[in-house]
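Notes follow the structure.
The values are calculated or read from the model by the stated rules, or taken from the named source; none is laboratory data. Being a predicted model, the structure only gives us computed values, none of them experimental. Counting neighbours? That spans all protein chains shown, and the Cβs are built from the backbone with ideal geometry, glycine included.
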């Protein structure tokens, strides 16, 4: 089969051909059983491809596959296999907890008007004498 005819056949599926090219292709199809068979195969493949739905992978697909491959290569103890799902569950909770702690610390700094560790933890400045003086600690307010 001629390379030019094959190219013409493939182009006929994707674009409109000129009248002269259509006549040449029709004549070649009527003469060549091999070309007709190839046309039938191309049509079958195109129909099957158009019938399938496009599927996409979720985000981080490659990372998850590589992690799973690495895990299967590495033998696990019974304890590891028990803790692994817990880690995946509590990781978002840990991130949320850190965020909440940072919010509380910034609130403490704003309310005590001290930009320091003492202000973040809402610790007041107490002298050593005041801490150990029983009269200060036992006074009734």
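Does region 51-69 contain any residue that is part of a helix (DSSP H, G or I) and over 19 Å from the mean Cα position of the chain (by Cα)? The answer is yes; a qualifying residue exists.
It is to be established whether one or more residues within region 123-141 are surrounded by 10 or more Cβ atoms within 10 Å (Cβ to Cβ), in a helix (DSSP H, G or I) and modelled with pLDDT of 85 or more. No, region 123-141 has no match at all.
Residues in region 1-23 that are in a helix (DSSP H, G or I), more than 12 Å from residue 42 (Cα to Cα) and in contact (Cβ under 8 Å) with a residue 24 or more places away in the chain: 5 alone. Cβ separations smaller than 6 Å between residues 6+ apart or across chains give the following pairs from region 97-109 residues that are within 9 Å of residue 120 (Cβ to Cβ) to residues that are part of a helix (DSSP H, G or I): 105/120; 108/120; 109/119; 109/120.
Filter region 24-34 for residues that are in contact (Cβ under 8 Å) with a residue 24 or more places away in the chain and outside any loop (DSSP other than H, G, I, E, B); which is surrounded by the fewest Cβ atoms within 10 Å (Cβ to Cβ)? Ranking the candidates gives 34 first. Check whether at least one residue in region 84-106 is surrounded by 10 or more Cβ atoms within 10 Å (Cβ to Cβ) and not in a helix (DSSP H, G or I), and report yes or no. Scanning region 84-106 turns up no residue that is surrounded by 10 or more Cβ atoms within 10 Å (Cβ to Cβ) and not in a helix (DSSP H, G or I).
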